[in-house]
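**Q** Below: one structure in structure tokens.
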Amino acid sequence: MQRLAFSAFVSAQLLTGALAQTWCGKNYMSSQSVVPPGGQFPTPAASKEPLLAFRCAPAIRPYLAEDASSPAAVLIDSPVVYYEIDNAEAINLAAGPLSNAKLDVTVSLNGKTLANGPVPLNATAYELPFSLEGITPQMAAYDLSCEATYSGSTSAAHSDTPQIFKATAGLSVLPNPTNSSVTKMDLRTGALLAKPATGKGGDYAPVFPIGFYTTFDGYLATNLSVIDELKNQGFTIIHPVPTFDNMTAFNQVLDRMQEVGLYLMYDMRFTYMNSTSVTEQVNSIKNRPNLLLWYTGDEPDGTSDPLNATTIAYDHIYSLDGYHPVSLVLNCQDYNWASYTAGTDIVMQDVYMIANNVTFSNEWHNTCTPDFGDCGCDNCVSIPAGDTAAVQPNITFSSPTVPANSGIGTYFDISSRVASFKDRLEVMGWERTKAVWTVPQAFGGDGEYWDRAPTGEEWVVQSLMGINQGALGVVPWDDPTPADIKTSASNFALSLPKITPFLFNPAAVRTNYVVGGASVATWKAGRQTLVIATNTNYVSQTVTWKDVGLKGTGATTVFKSGTAQTSSTGFTLGSVGSGAFVVTA
């Protein structure tokens, strides 16, 4: 929950006398009854028979007229699954390993074949090249038709008639912009591609968005040197928090951001449901060379905005611009997730569990359950009973062990939230067209749910718990932030050029591990493997290279937070320590 959004919401409702007293659809005042909020994401039904979830998408969104002579591709996903997700249909598999099975795939546009070729079963982002020549650029997306023929069944129980599987996708081929920037999305990885934010030219390159939600009044608006400092600290974006009452100062801020080369994440949280205001804002900002993306709903699920609100805003923004993706953040663990996520290209999560009782509300003085209560961390769970290693040093108990439902939040709530968002994208058939980012907690101690701010090392743990599950952006709430958080965030931002080549490599294979209290992810690309490890415990944790499927030869440390030491046999992370290592096979 983002404090400004919640406080502003409550204050506004109190002034109008219309306080709904729900959050994530739950009542939270002690005088209210327990009413199940509903809106849960449905669990896909299991299937005893194999299903093919055939999908296709362009490799890049959008393509431009100037790309006509450049290589283009359609991505084919062909997972064989045993649960009923979007577009999954029964497939009569032949005997033998799936690796030997092929689909004959044809991609067409308006009846004309663009691409054709064999695609393996269980393929991920398999590329079929095609040419953009002859496709007239237009603002509306074209409808691609994808068809797969499978002739593999030789079972007597099934007909040998070939099976046909179909899917559709939107293909954006836009006119070249005359006076604005373009942010493309690499649908192979979810990475954003942009030219330098200075507007002085250059090639498209992947951007890892890292930068804070940033106070405008009294901070950015009054001291432009803050922008220079943020650039020097390695951050790539600034997300100014509205309202922007002084437009002269606001334009000076955006101009200075462009001069130093920082991208803009433009926020319409308070006005995104006002189409007239959205029109005015989009038309005034869309031509700025450093605009990276739009931001609409700030926890629209938390405040129970209309279920179609984000989609209406999304469609309206695309009708006015179309050259930049749209983002939003969701507060709830599971409340009308699909409806709100339908209206975005990038869905963010903001689990805030540090120095907060996640099971008993310090704000409302009642217990939080899936059906009732607001603890500032929706449906978060306590660390396991007895897990003293996960207890911060400044927390004491009268008993020698940690009781059940202690209220001490676990960092694994962050990883499970990001992972669940990505799982839901797959269920909906959106895993190729939408990305997930993470919003670490960078505040606390201001008299609400959170007794203190995280330390710098704890901030890093939060960020890496999201990245290890596939988050491709880090936008903390909020700046100004304590100095140790800013220092740790800057150190991480400055290390990213050595890390992102793995995160943005379509050929890299990510694998996740949990070793004791450590979350570890590896990205294997050829002879090199990136290892990102973060210790959720407040005692040291040792991990062997064998634990994560590696030999550890030639390990180079490219980032560390707190204590992180490597050896020939593995690595050791100190209390909430983190490290990133490149291992050569």
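The values are calculated or read from the model by the stated rules, or taken from the named source; none is laboratory data. These figures come from a predicted structure and were not determined experimentally. As a convention, Cβ positions derive from the backbone with ideal geometry for all residues, glycine included, and neighbour counts pool all protein chains shown. Note: areas computed on protein heavy atoms with side chains; ligands, DNA, RNA excluded. Shrake-Rupley method; radii C 1.70, N 1.55, O 1.52, S 1.80 Å.
**Q** Can you find even one residue in segment 179-187 that is loosely packed, with under 15 Cβ neighbours inside 10 Å and more than 26 Å from Asp143 (Cβ to Cβ)? First the steps, then the outcome.
**A** Within segment 179-187, the subset loosely packed, with under 15 Cβ neighbours inside 10 Å is 179.
Add one more test, that the residue is more than 26 Å from Asp143 (Cβ to Cβ), and what stays is 179.
Checked against the condition, which is being loosely packed, with under 15 Cβ neighbours inside 10 Å and more than 26 Å from Asp143 (Cβ to Cβ), segment 179-187 yields at least one hit.
**Q** Let me ask something else. Of all residues in segment 170-206 being charged (D, E, K, R) and assigned to a loop (DSSP other than H, G, I, E, B), which is farthest from the chain's Cα centre (by Cα)?
**A** Ranking the qualifying residues of segment 170-206, first place goes to Lys200.
**Q** Still on this structure: List every residue pair whose Cβ atoms sit under 6 Å apart, with the two residues 6 or more apart in sequence or on different chains, where the first one lies in segment 546-568 and is open to solvent by less than 30 Å² (accessible area, probe 1.4 Å) and the second, anywhere, is among the β-branched types (Val, Ile, Thr) and not in a strand (DSSP E or B).
**A** Ser561/Val460
For (1) among the aliphatic types (A, V, I, L, M); (2) within 18 Å of Val34 (Cβ to Cβ), each residue gets a yes or a no:
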{"residue": "Tyr352", "(1), (2)": "no, no"}
{"residue": "Val358", "(1), (2)": "yes, no"}
{"residue": "Cys368", "(1), (2)": "no, yes"}
{"residue": "Asp371", "(1), (2)": "no, yes"}
{"residue": "Ile383", "(1), (2)": "yes, no"}
{"residue": "Ala389", "(1), (2)": "yes, no"}
{"residue": "Asn394", "(1), (2)": "no, no"}
{"residue": "Phe397", "(1), (2)": "no, no"}
{"residue": "Pro400", "(1), (2)": "no, no"}
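**Q** So, in segment 368-378, how many residues would count as being over 19 Å from Pro403 (Cα atoms) and surrounded by fewer than 22 Cβ atoms within 10 Å (Cβ to Cβ)? Working first, answer last.
**A** First, the residues of segment 368-378 that are over 19 Å from Pro403 (Cα atoms): 370-374, 376-378.
Subsequent filtering for residues that are surrounded by fewer than 22 Cβ atoms within 10 Å (Cβ to Cβ) retains 370-372.
Matching residues across segment 368-378 total 3.
**Q** Follow-up question, since we're still on this one. Residues in segment 424-449 that are surrounded by 24 or more Cβ atoms within 10 Å (Cβ to Cβ) and either over 23 Å from Leu192 (Cα atoms) or more than 16 Å from the chain's Cα centre (by Cα) (or both): how many?
**A** Of the residues in that region, 3 qualify.
**Q** Still on this structure, please answer the following. Is it the case that Gly302 is closer than 30 Å to Gly373 by Cβ, of a type outside the set (D, E, K, R) and not assigned by the TED database to the domain that holds Ala140?
**A** For Gly302, the condition - closer than 30 Å to Gly373 by Cβ, of a type outside the set (D, E, K, R) and not assigned by the TED database to the domain that holds Ala140 - is met.
**Q** Does Ala508 count as open to solvent by less than 30 Å² (accessible area, probe 1.4 Å) and in contact (Cβ under 8 Å) with a residue 60 or more places away in the chain?
**A** No: the conditions fail for Ala508.
**Q** Shifting gears a bit: Restricting attention to segment 300-308, does a residue exist that is in contact (Cβ under 8 Å) with a residue 40 or more places away in the chain, open to solvent by 30 Å² or more (accessible area, probe 1.4 Å) and touching a Phe, Trp or Tyr at 6+ places or on another chain (Cβ under 9 Å)?
**A** yes
**Q** From Thr106, Thr136, grab the single residue that is in contact (Cβ under 8 Å) with a residue 12 or more places away in the chain, farther than 23 Å from Val509 by Cβ and open to solvent by 80 Å² or more (accessible area, probe 1.4 Å).
**A** Thr136
**Q** Right, something else. With the structure loaded, tell me whether Ser490 is in contact (Cβ under 8 Å) with a residue 12 or more places away in the chain, open to solvent by less than 30 Å² (accessible area, probe 1.4 Å) and assigned to a helix (DSSP H, G or I) or whether it fails that test.
**A** Yes.
**Q** Residues that are within 30 Å of Pro393 (Cβ to Cβ), at least 1 per element: which strands (runs of 3 or more DSSP E) completely within segment 280-372 meet that?
**A** Strands (runs of 3 or more DSSP E) meeting the threshold: 346-349.
**Q** So, one more: Identify the single condition in (1) touching a Lys or Arg at 6+ places or on another chain (Cβ under 8 Å); (2) open to solvent by 10 Å² or more (accessible area, probe 1.4 Å); (3) under 21 Å from Lys200 (Cα atoms) that Arg256 does not satisfy, given that it satisfies every other one.
**A** Looking at each condition in turn, Arg256 falls short on (1).
**Q** Now a separate question. Mind counting the residues in segment 370-384 that are of a type in the set (Val, Ile, Thr) and over 26 Å from the mean Cα position of the chain (by Cα)?
**A** Adding up the residues that qualify gives 0.
**Q** Specify which of the listed residues (Gly152, Gly218) is at positive phi and part of a loop (DSSP other than H, G, I, E, B).
**A** Every option except Gly218 fails the conditions.
**Q** Then there is this: Working only within segment 190-215, note down all residues that are touching a helix residue (DSSP H, G or I) at 6+ places or on another chain (Cβ under 8 Å), more than 20 Å from Asn491 (Cβ to Cβ) and buried (at least 21 other Cβ atoms within 10 Å of the Cβ).
**A** Passing the criteria: Ala191, Ala197.
**Q** If you scan segment 379-394, which residues turn out to be open to solvent by 70 Å² or more (accessible area, probe 1.4 Å), part of a loop (DSSP other than H, G, I, E, B) and within 13 Å of Ser406 (Cα to Cα)?
**A** Within segment 379-394, Val381, Pro384 meet the criteria.
**Q** Hey, does segment 167-177 have a residue that's touching a Ser or Thr at 6+ places or on another chain (Cβ under 7 Å) and either assigned by the TED database to the domain that holds Leu293 or on the phi < 0 side of the Ramachandran plot (or both)?
**A** The initial filter retains those residues of segment 167-177 that are touching a Ser or Thr at 6+ places or on another chain (Cβ under 7 Å), namely 168.
Applying the additional criterion that residues be either assigned by the TED database to the domain that holds Leu293 or on the phi < 0 side of the Ramachandran plot (or both) yields 168.
Yes.
**Q** Follow-up question, since we're still on this one. In segment 461-487, what count of residues is obtained for those that are crowded, with 23+ Cβ neighbours inside 10 Å, out of contact with any Phe, Trp or Tyr (no Cβ under 6 Å at 6 or more places or on another chain) and either free of Cβ contacts under 8 Å to residues at least 24 places away in the same chain or in a helix (DSSP H, G or I) (or both)?
**A** 5
**Q** Is there a residue being assigned to a loop (DSSP other than H, G, I, E, B), at pLDDT 95 or above and basic (Lys, Arg) anywhere in segment 430-440?
**A** The initial filter retains those residues of segment 430-440 that are assigned to a loop (DSSP other than H, G, I, E, B), namely 430-434, 439-440.
Still in the running and at pLDDT 95 or above: 430-434, 439-440.
With basic (Lys, Arg) added as a condition, the list becomes 432, 434.
There is at least one residue in segment 430-440 that is assigned to a loop (DSSP other than H, G, I, E, B), at pLDDT 95 or above and basic (Lys, Arg).
**Q** If you don't mind, there's one more thing I want to ask. For the subset of segment 493-529 comprising residues that are in the same structural domain as Ser575 (by the TED database), closer than 30 Å to Ile383 by Cβ and in a loop (DSSP other than H, G, I, E, B), which member is nearest to the chain's Cα centre (by Cα)?
**A** Of everything passing the filter in segment 493-529, Gly517 is nearest to the chain's Cα centre (by Cα).
**Q** A further question follows. Which of the residues spanning segment 395-416 are surrounded by 13 or more Cβ atoms within 10 Å (Cβ to Cβ) and free of Cβ contacts under 8 Å to residues at least 12 places away in the same chain?
**A** If the condition is that a residue be surrounded by 13 or more Cβ atoms within 10 Å (Cβ to Cβ) and free of Cβ contacts under 8 Å to residues at least 12 places away in the same chain, then Ser416 is the only one that fits.
**Q** Moving on. From the set of residues in segment 33-66 that are more than 17 Å from Gly322 (Cα to Cα) and among the hydroxyl-bearing types (Ser, Thr, Tyr), which is least open to solvent (accessible area, probe 1.4 Å)?
**A** Of everything passing the filter in segment 33-66, Ser47 is least open to solvent (accessible area, probe 1.4 Å).
**Q** If you don't mind, another one. Checking Val582 against (1) within 24 Å of the chain's Cα centre (by Cα); (2) within 27 Å of Ala453 (Cα to Cα); (3) open to solvent by 10 Å² or more (accessible area, probe 1.4 Å), which single condition isn't satisfied?
**A** Answer for Val582: the failing condition is (2).
**Q** Among (1) out of contact with any Gly (no Cβ under 9 Å at 6 or more places or on another chain); (2) among the aromatic types (Phe, Trp, Tyr); (3) touching a residue at least 40 places away in the same chain (Cβ under 8 Å), where does Tyr82 come up short?
**A** Only one criterion is unmet by Tyr82, namely (3).
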